[in-house]
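Values in this text are rule-based calculations from the coordinates and carry no lab data. The model shown is predicted, which means the values in this text are computed figures rather than measured ones. Cβ atoms come from the backbone with ideal geometry, glycine included; neighbour counts cover every protein chain shown.
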Amino acid sequence: MKKFIFISFSMAFVIVSCQNKEAAKTETTSSIQLPYTASYSTDFTNNVSDSDLLVVLNSYKDWENGDMNAIRSTMGDSMMVNGAEGFKFSGLTDSLMKYWNTNRDSLSSVKIDMGVWLKNHSVKDGHDYINVWYKEIDTYKTGKVDSANYEDDNGVKDGKIIWYSSHKQQLK
């Protein structure tokens, strides 16, 4: 039940965080009246290419393997990032990679157990998102082991990741 609530909250967060200036008080679905209308949209399809899904999943495999050059190749020239620990970035991807290289270099190993992914295409504005839920176990060079469940939102445009937002549920 906790995972369902976490996943539901995370998906709602993605949709709401895209911010649309249109606001309404209620929405009707089938025969029930919901207390809110989504300010962005609820009209999504899974019409996102499998090649875009592959780009996103490869970025996680590259992180797990410590291949930072390969990760860089999955991203556009510019990125917007909202990290799970409060890190925020908007700018050239090469500058972001300096930060991520330092973080990955502090780890001796990373193990990712990919739970599920979901392809979302916003009918309203044509944006594509790939949401992933996974468990990551990080072993630091100091010997410390850290594990957490994550829900990440990856915005993809023209076959490259251009937006990334991560949400973390610490384990232990």
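Considered as a group, the residues in segment 132-159 that are of a type in the set (D, E, K, R) and surrounded by 18 or more Cβ atoms within 10 Å (Cβ to Cβ) include one that is farthest from the chain's Cα centre (by Cα), and that residue is 138.
Summed over segment 114-131, residues that are exposed (fewer than 12 other Cβ atoms within 10 Å of the Cβ) and either assigned to a strand (DSSP E or B) or not charged (D, E, K, R) (or both) total 2. Step by step: first the residues of segment 76-109, then only those that are among the hydroxyl-bearing types (Ser, Thr, Tyr) and out of contact with any Lys or Arg (no Cβ under 8 Å at 6 or more places or on another chain), then the one that is nearest to residue 158 (Cα to Cα). Which residue is that? So, considering only residues that are among the hydroxyl-bearing types (Ser, Thr, Tyr) and out of contact with any Lys or Arg (no Cβ under 8 Å at 6 or more places or on another chain), the one nearest to residue 158 (Cα to Cα) is 78. There is at least one residue in segment 92-100 that is without any contact (Cβ under 8 Å) to a residue 12 or more places away in the chain and closer than 26 Å to residue 77 by Cβ. Of all residues in segment 118-149, those that are farther than 24 Å from residue 105 by Cα and of a type in the set (Lys, Arg) total 2. Entry remark, segment 48-99: residues being among the charged types (D, E, K, R), in a helix (DSSP H, G or I), under 15 Å from the mean Cα position of the chain (by Cα) and surrounded by fewer than 18 Cβ atoms within 10 Å (Cβ to Cβ) number 1 in total.
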